[in-house]
Amino acid sequence: MGRAEAQQSSISYEHPERPPSLQELLEWKEKFTYEVRYSFFKVGEVETEIVRDTTYEGKRLWWLRTVITSNSSIPFVGEEENHYNTFFVETDTLPYTRLYWRDNVDEEEYNAERFIFNYEQEKVFLSENGEPTDTLELTEPSTSGQLIFMYSRLFAGTEKAYSLPVYLEGEKGYIDVINSRKTEMREYKAFPEAVTTYFTEGDANIEGPFGFSGEFKAWYRADDLRLPLEAHAKVWLGNVKVKLIDYKKERR
């Protein structure tokens, strides 16, 4: 199965405060709201949640949705609203994608891009606005990038490194991540006081949404759910900071 095969084996940790399993994360209905800032400007917001479990081609999967909206009052940004959707497979180890699609809502282009991951045929079928555009080889459990939101939480607070296979813009790349047990106190609008965080860093060898690529940094809360709190990344504007401003959860 190629480069990611070793990552599918069971994970063991020496540290007693282990990160959550995928099943432990899926016990909760969570909603995250992030503020995106470039220099002194708020350029947009990001909302991420697992909407619910669903059925696709007769199999039970989970639906992860991210909504990115721009701050249209910023002249160089304009009005943007994009919805990113992933149907992913729950396993005893690591999740992987079966279906990904993006809706460009502000321009009323639904299924602006759609990727079908067919592991039986070992192919990824790509289409834009309902029209087939390409077919790529599929050699390992993969994603279209969005699933890193869940995937990364399974490693945060460890010294494990991983490479996440990603299909975007008609080609395959990897997001390489190095985790650490390094902690620091950081403040967020979502919480009344400073929280303890774990630090990670990585390199996105892809061309992601809004030009996301290259080196990035991220922080996760040092708790039993490893909440994604903050990221510093490069996009088409330049270097942006994404910080959690609201968090809600309830038992499923």
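The values are calculated or read from the model by the stated rules, or taken from the named source; none is laboratory data. Bear in mind that the values here come from a model prediction, so they are computed numbers and not experimental data. Here the Cβ positions follow ideal geometry from the backbone for every residue, glycine too, while neighbour counts run over all protein chains shown. For accessibility, only protein heavy atoms count, side chains too; no ligands or nucleic acids. Shrake-Rupley method; radii C 1.70, N 1.55, O 1.52, S 1.80 Å.
Here are the numbers:
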| item | result |
| --- | --- |
| Fraction in percent of alpha-carbon pairs per bin - 5 Å, the stretch 99-155 | 5, 18, 22, 20, 18, 11, 5, 1 |
| Under Karplus coefficients 6.51, -1.76 and 1.60, residue-wise ³J(HN,Hα) of the stretch 186-196 in Hz, glycine/proline x | 9, 10, 9, 4, 6, 10, x, 8, 4, 10, 7 |
| Pairs of alpha carbons in the stretch 14-163 whose separation is greater than 29 Å (percent) | 26 percent |
| Carbon and sulfur %, accessible surface of the chain computed with the full protein complex present, 1.4 Å | 47 percent |
| Residue-wise HN-Hα coupling along the stretch 241-248, computed from phi with Karplus coefficients 6.51, -1.76, 1.60 (Hz; x: Gly, Pro) | 10, 10, 10, 6, 10, 7, 9, 10 |
| Unsatisfied cross-links (Cα-Cα over 20 Å) in the set K182/K234; K42/K189; K59/K248 | K182/K234; K59/K248 |
| Kirkwood-based Rg to Rh ratio, the chain, C-alpha trace | 0.94 |
| Average accessible area per residue (Å²) across the chain - probe 1.4 Å, nucleic acids and ligands excluded | 50 Å² |
| Kirkwood Rh in Å, taken over all unlike Cα pairs in the stretch 75-201 | 16.7 Å |
| Packing rank of 97-107, 180-190, 30-40, where each peptide gets the mean count of other beta carbons within 10 Å, highest leading | 97-107, 30-40, 180-190 |
